[in-house]
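What follows is a single structure, written as structure tokens, with notes after it.
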There are 2 protein chains.
Amino acid sequence: MPQGGSRAGRRTRERILELTLRLFNEFGEPNTTTSLIASELEISPGNLYYHYRNKDEIVTALCGEFEREMARVLAVSGGPRVEIEDIWRQMHDTFDVVWRYRFLYRDLNDILTRNRAVEVLFKRILELKGRAALLACERLCAAGEMSATRLERLALADNLVVVATYWLSYEYVRNPRELLGEAAIRRGAFQVLAIAAPHLKGRSKALFEKLAEKYLAE
Amino acid sequence: MPQGGSRAGRRTRERILELTLRLFNEFGEPNTTTSLIASELEISPGNLYYHYRNKDEIVTALCGEFEREMARVLAVSGGPRVEIEDIWRQMHDTFDVVWRYRFLYRDLNDILTRNRAVEVLFKRILELKGRAALLACERLCAAGEMSATRLERLALADNLVVVATYWLSYEYVRNPRELLGEAAIRRGAFQVLAIAAPHLKGRSKALFEKLAEKYLAE
């Protein structure tokens, strides 16, 4: 049954990725061995090896999933109207993806040094984020909801990306013994929006203030 | 001659730290072995071991120096007057210290995971930076040079620290094959100031615009 075998193979590969992601997030990628992965999955190391020849292949596969999810979240809908709520939601979704793949951010430079594919991927993700941030600013300006010169928008886009990318690392260094949770994501999303806030006008400004209030009440 | 021996010992320890810092910055801490350090210093591994029992002891000693330099730079002068130029200079000095110890930022989470002393140190440094950033905002507000509510100042301080701390990591991910140089530090200092810029008023605002122009002309 090659068809069934292939379907079972796909299922096993999915299970491997799902469990490895959980282990990486919990213990860190450097501390997770392929033996641990095989033993947690209750399969033989040989079976694991049949699907992925080494840990780097699993990391690369997870990075592929990460990139697909991130690209989906950062894709801008075609309409010309932009609402600050859409951008707020986009930021939350971005943080959710980062959270799902937080192991990457915890050991980012370490992984980058060892895995060339991840290095190229992260460069692409940062470019994607940078373009999405700049586009969001430009659309807000065009809609009269933001006031910022071209130079201000460029500086803003970089700062939005830096805080969105490194907020969880910052939380981790500040409280290394605490498990990061949803609250850390919300703080991150708020901090990112706070960078843009002084440039917001009209309805967007009012909405930011409402969001900030809600955020602080939580 | 215990006195002379001790002076020579201090001199050797200084040479070890100086050279190790250079090797860490160049090759990354994880890729620098004690054998490499001893061989570059043209001393025996036994002699190195006599001064530092292992690499972690050297890392901890370098972190101590890093903290002393950072605390000196972040210390605020006693006077009540605050000039935006002082804050600009303080930011440059902060980036210079970060640059001198850039190996820490490149492999930060990796080192944090392995070295408890570094973990505690970094938490302290972030607190120090956070307090310095908040104090700078409060002094600018008191001097009528900044307009920001208490909540805005708190959000601002966190964002200033995140960008100041992670700018070089961001540059490294964006251009992993390029050696970071002075230009990256200047970009970082500019980006940090750009976060505060919308809140600046009067003379500080005008000065920021002059600095931005100068920065862009470079």
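Before moving on, here are some points about what is shown:
- Among the trypsin sites (Lys or Arg not before Pro) within the range B:136-218, those in coil by DSSP and having at most 15 neighbouring Cβ atoms inside 10 Å are B:177, B:201.
- The trypsin sites (Lys or Arg not before Pro) of the range A:1-74 that meet both conditions, a loop assignment by DSSP and at most 13 other Cβ atoms within 10 Å of the site Cβ, are A:53.
- For the protein assembly as shown, size of Cβ-based charge dipole, Lys and Arg +1, Asp and Glu -1, in debye: 280
- Rounded tilt (10° steps) of B:116-142 against the dominant C-alpha axis of chain B: 20
- Convex hull (Cα only) mean projected area of chain A, reported in nm² to one decimal: 14.5
- 0 to 90° range, to nearest 10: angle between helix B:2-27 axis and chain B longest Cα axis: 60
- Span from the the range A:179-208 Cα centroid across to the the range A:82-160 one, whole angstrom: 14
- Restricting the calculation to Cα atoms, every distinct pair contributes to the Kirkwood radius of the protein assembly as shown, found to be 23.8 Å.
- GNM top mover of A:64, A:144, A:202 - chain A, alpha-carbon springs below 10 Å: A:202
- The residue among A:191, A:70, A:58 whose Cα reaches farthest toward the positive pole of the charge dipole of the range A:56-217, with charges on the beta-carbon of Lys, Arg, Asp and Glu, is A:191.
- Result for chain B in a Gaussian network model with C-alpha springs under 10 Å: among B:200, B:151, B:135, the largest mean-square fluctuation is at B:151.
- Shielding value for B:189-202 is 3, the average number of Cβ atoms from other chains within 10 Å of each residue's Cβ.
- Around the amide H of residue B:146, modelled in the peptide plane, lie the amide H atoms of B:141, B:201, all under 5 Å away and 5 or more residues distant in sequence or on another chain.
- With Cα atoms, 0 to 90° folded angle of helix B:150-174 axis to chain B main axis: 50
- Value of [θ]222 nm, deg cm²/dmol, for chain A, DSSP H segments ≥ 4, -39500 (n - 2.57) each, nearest 500: -26000 deg cm²/dmol
- Local net charge near residue A:162, Cβ-Cβ under 13 Å (Lys/Arg +1, Asp/Glu -1): 0
All of the numbers you see were taken from the coordinates with simple rules; none came from a lab. Given the structure is predicted, the values throughout are model-derived calculations rather than measurements. Cβ sites come from the backbone with ideal geometry, for glycine too, and all protein chains shown count toward neighbours.
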